[in-house]
Amino acid sequence: MNFKMDVRTMETDLPIIELEGEVDVYTAPQLKQQIIGILESGAKELVVDLTKVDYLDSTALGVLIGGLKRMREVDGNMVLICPSPRIRRVFEITGLDKIFDIYNSEEEAREVIGKETV
Amino acid sequence: MRQGEIMQLEIPRSPEYVAIARHAVEGIARRMRFAPNQIEDLKLAVGEACTNAVKHGCATEDSPTVEIKCVVLPEGLSVEIRNGIEAGELPCIPVKPDPTKEGGFGLYMIRQLMDEVILNWDANTAIIKMLKKIGASAV
């Protein structure tokens, strides 16, 4: 199974999870654990980068919704970077494009998040 | 590929095998010359159906595994996913999924992605039969 996950910190100290490959019922639990770990570290904002994701299923959507809900419970936010029309379509057909803040690039996300936190 | 040809695959009821099923169907769809966006729809729908089978199904005497049956039809590709269930489980496809809930998207997505979807639940077996038409777009 083609799946890779990296975590780094953006210049603004925001944690960013970079996903690559297929995020599905088998691999999504790893993402869930990562998000929980970041939440437990006290982070209130999180970026999930789906740029290199080529498959995303409903289990992954559920994990992302769970992360978003928990972030918003502490007045935080979780945003997505998703330039791929194919992956964006999964959010569109489920109506989740109206729930998540979805950006086309890290630069775009950083600009908006930066403004929100000032 | 010739009309009426059947391809069958059986996978253990475990998450790591779902990708194998969807990649197999992807290969068939490529050989049938589906458009790339239709192949993605098929992959996602088959993945969701198999995920449902893995998550909510159970091993029964008749259906200890998840069975995937593909039939090449004049109008497109028929895919049937069959798995064992416990008596009393009934499927429900939401008119619109609740975006605040962490689940309940799978069957809704299948209905959006495929041209025809038939659910057949009996006492011990769940069957999802789906059709993707070549050249048509469900969404």
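The values are calculated or read from the model by the stated rules, or taken from the named source; none is laboratory data. Bear in mind that the values here come from a model prediction, so they are computed numbers and not experimental data. Cβ placement follows ideal geometry from the backbone for every residue including glycine, while neighbour counts extend to all protein chains displayed. Surface accessibility is based on the protein's heavy atoms, side chains included, excluding ligands, DNA and RNA. Shrake-Rupley method; radii C 1.70, N 1.55, O 1.52, S 1.80 Å.
Please give the per residue accessible area of the protein assembly as shown, computed with a probe of 1.4 Å over protein heavy atoms only, in Å².
Details: 12160 Å² over 257 residues.
That works out to 47 Å² for each residue.
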Original post:
Just A:Ile87, A:Ile38, A:Ile99 to compare: in a GNM of chain A, with alpha carbon springs under 10 Å, which one fluctuates most?
Top reply: A:Ile99
Subject >> segment B:6-133, accessible surface, carbon-and-sulfur percent (1.4 angstrom probe) >> reply: 50
Original post:
If you place +1 on the Cβ of every Lys and Arg and -1 on the Cβ of every Asp and Glu, how big does the dipole about the Cα centre of the protein assembly as shown come out, in debye to the nearest 20?
Top reply: 600
**OP:** For an R0 of 41 angstrom, estimate the FRET efficiency from the Cβ-Cβ distance between B:Asp115 and A:Ser41 and round to the nearest 0.05.
**Re:** 0.35
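Report in % the part of the accessible area of segment A:3-116 that belongs to carbon and sulfur, leaving out ligands and nucleic acids; probe 1.4 Å.
Working: 2280 of 4980 Å².
Here carbon and sulfur together make up 46 percent of the probe-accessible area.
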Original post:
Using Cα-only point scatterers and the Debye equation, what is log10 of I(q)/I(0) for chain A at each q in 0.14, 0.16, 0.21 Å⁻¹, rounded to two decimals?
Top reply: -0.51, -0.68, -1.26
Original post:
Can you list, bin by bin at 10 Å, the percent of alpha carbon pairs in the protein assembly as shown, starting at 0?
Top reply: 7, 30, 33, 20, 9, 2, 0
Original post:
Taking the Cα atoms of segment B:6-133, what is the range of coordinates along each of the three principal axes, in descending order and whole Å?
Top reply: 39, 36, 26
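Accessible area lost on pairing A with B, both sides, 1.4 Å probe, Å² to nearest 100? Please report the intermediate quantities before stating the final value.
Working: alone 6490 and 7800 Å², together 12160 Å².
Buried area (both sides, nearest 100 Å²): 2100 Å².
Taking a 18 Å limit on the Cα-Cα distance, which of the listed pairs A:Lys69/B:Lys101; A:Lys32/A:Lys69; A:Lys4/A:Lys69 fall beyond it? Please report the intermediate quantities before stating the final value.
On the way: A:Lys69/B:Lys101 9 Å; A:Lys32/A:Lys69 13 Å; A:Lys4/A:Lys69 24 Å.
The pairs that break the limit, which is 18 Å between Cα atoms, are A:Lys4/A:Lys69.
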Subject >> Solvent-accessible area lost in complex, 30 Å² minimum, residues of segment B:97-117 relative to chain alone, 1.4 Å >> reply: B:Pro99, B:Thr100, B:Glu102, B:Phe105, B:Met109
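When the helices in the protein assembly as shown are scored as -39500 (n - 2.57) per DSSP H run of 4 or longer and the sum is shared across all residues, what 222 nm value do you end up with, to the nearest 500 deg cm²/dmol?
On the way: 7 runs with 94 residues, N = 257.
Result for the protein assembly as shown, helices only: -11500 deg cm²/dmol.
What's the average, rounded to a whole number, of partner chain beta-carbon atoms within 10 Å of each residue's beta-carbon in A:54-66? Intermediate values should be presented prior to the final figure.
Working: counts 1, 8, 2, 12, 16, 11, 0, 7, 6, 1, 1, 7, 3.
That average works out to 6.
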Subject >> Between segment A:39-106 and segment B:1-63, the alpha-carbon center distance in angstrom >> reply: 26
Subject >> Spatially proximal lysines relative to B:Lys133 (Cα-Cα < 25 Å; intrachain offsets below 8 disregarded) >> reply: B:Lys43, B:Lys69, B:Lys96
Original post:
In whole Hz, what ³J(HN,Hα) sequence does segment B:102-108 give by Karplus (6.51, -1.76, 1.60; θ = phi - 60°), x for Gly and Pro?
Top reply: 8, x, x, 9, x, 5, 4
